[in-house]
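Below: one structure, written as structure tokens.
Any read-out appearing in this document is the output of simple, stated calculations on the displayed coordinates, not a laboratory observation. Only a predicted model underlies this, so the values are computations on that prediction, with no experimental measurement involved. Because the Cβ atoms are built from the backbone with ideal geometry, glycine has one as well, and the counts that use them run over all protein chains shown.
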Amino acid sequence: MSFPEILVGIFEGFRITAAVVFYGLLFAVPFALVFGILQHFTRGILRFLVTAVIEFWRSSPVIILLFVFYYALPIFGVVMSAMTVSALVLGLNIGGYGSQAVRAALQALDPGQVEAGLALGLRRSRILLLIELPQAIAMMMPTLMNLVIQLVKGTALVSLVTLGDMTFRAKEIAQIEYNPVGIYSGLLLAYFIVCYPVTVIGRWLERRVGVGEGQAHGL
Amino acid sequence: MDFNHAFAIEIVPTILQALHTTLLVAVLSSIGAAAIGFTLEVTRRSGRLAGYAMRFVIDFIRSTPVLAQLYFLFFVLPFYGITLPAMVVGVLGLSIYYSGYLAEVFKAGIDAIHRGQWDAAKALGLSGFDTIIFVIAPQMLRNIAAPMGNYFVSVLKATPYLAVIAVPEMLGSGFDIASDTFRYAEPLVVVGIIFLFLAISIAQLVRLLETRLNAAHNR
């Protein structure tokens, strides 16, 4: 197989990679928003519980969470498809990081914004929805881009739980023919093609918003 | 099949035997990542062309999954006649992957140092190398202790990836037990709990170090 053929073969797995990213975001975005906001507003024991949930998803290595959920949950009677487990684990892991971005952005807002809203007689929930969140989300866009890249890269793991993503295709091709240089360069190139545009968009947003590095620490 | 608590407790010592491999890999990879990352960042600043080249290298490293990079090193190096022990390949892989992130951390740390420090070093007749090592690096380290510490925690959390290239760290030893006994749930849950405990305690340590450094700085 020539290098372009290998690359095309690897991209046959793109549909699965994209699906895991998409379903992962369905878990990540709500989790990040809900838990970030909860952590910002709660105090005492409630805040401790919220933090514990976030830390569980953020502090465990994602590869281990994936295996535990894939292999161990069926024993407790919870059976999920490989796709569901992957989206859930990768999504909530990224969502855990995202919640910290949400909380940090809310905390970074000038308190005058909330006070102005209160002075205008708006309810607290409306202030959050109409004043705080729009500004916070704009502020954390660069971080979110970094997290999307982390999620895309994290999907390479699903090849270990039998999903046919790009990494899985590369390993399949590696079984057909001995050409490690072509196949694994192709795999790196494939992810680079997918992720680099997001990196560029993220950097552009970073310049516009003027916020530093995100809080994603690699997976 | 039920979750067998007695079996789970019984295998704890076996898995803990692999703890030193996990910690060794994490420490060596952290040192390697810092060394490579610092070299990348210093080279990036050394000239226009080198700047573009290093920018690309850093972006490439950050835009591809660590799993794909590990496969690349593990399968491609032997093709060129370089056969290294799996553990060396693993440490090399994690070092390279996280060097891309640490380079960005060093960039922010160096950018934060006042221009006058460079001028003063020049006025004192220090060479470029001496300026970086004796004037810039020590000040940079204090600026970046927190984000750098966070990345070291990430390195620790990435060590289970090495199980896929047969390094006998904790996840690998968990899988060994699983394939000997056909029980997957218990070893994986045990490994997961140990990692969660490790990651959280080291993160706390980093936070403590951070407050100490800030206190020392503000005195």
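See the values below:
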| item | result |
| --- | --- |
| Computed [θ] at 222 nm, helices only, for chain B once each DSSP H run of length n ≥ 4 contributes -39500 (n - 2.57) | -26000 deg cm²/dmol |
| Choice from B:73, B:28, B:49 showing the highest fluctuation, given a GNM over chain B with Cα pairs closer than 10 Å | B:49 |
| Contact order normalised by residue count of segment A:3-209, Cα under 8 Å, 6+ apart, percent | 34 |
| Shielding by partners - mean other protein chain Cβ count within 10 Å, residues of A:143-156 | 2 |
| Neighbouring partner chain Cβ atoms per residue of B:127-135, average, 10 Å criterion | 0 |
| Coil-residue chymotrypsin sites (Phe, Trp or Tyr not before Pro) of segment A:113-219, DSSP, other Cβ within 10 Å capped at 11 | A:178 |
| CD proxy at 222 nm, helix term only [per DSSP H run n ≥ 4: -39500 (n - 2.57); per residue of chain A; nearest 500] | -24000 deg cm²/dmol |
| Relative packing of B:156-169, A:131-144, A:76-89, which averages over residues the other C-beta atoms within 10 Å, highest first | B:156-169, A:131-144, A:76-89 |
| Summed residue charge, Cβ within 13 Å of residue A:76's Cβ, Lys/Arg positive, Asp/Glu negative | -2 |
| 21 Å Cα-Cα reach of residue A:171 towards lysines, excluding residues that sit fewer than 8 places from it in its own chain | A:153 |
| Kyte-Doolittle mean at least 0.0 and Cα axial length at least 20 Å: DSSP H helices in chain A | A:14-41, A:44-59, A:82-108, A:180-209 |
| Peptide A:67-75, shielding by other chains (average Cβ, 10 Å cutoff) | 6 |
| Under the span-like rule (Cα at least 30 Å along the axis, Kyte-Doolittle mean at least 1.0), DSSP H helices of chain B | B:19-44, B:86-111, B:185-218 |
| Loop sites in segment B:1-57: trypsin sites (Lys or Arg not before Pro), DSSP, at most 12 other Cβ within 10 Å | none |
| Candidates A:148, A:181, A:158, ranked by Gaussian network fluctuation over chain A, Cα under 10 Å, top entry | A:181 |
| Gyration tensor verdict on chain A (Cα atoms; rounded if a/c is under 1.5, prolate if a/b is larger than b/c, oblate otherwise) | oblate |
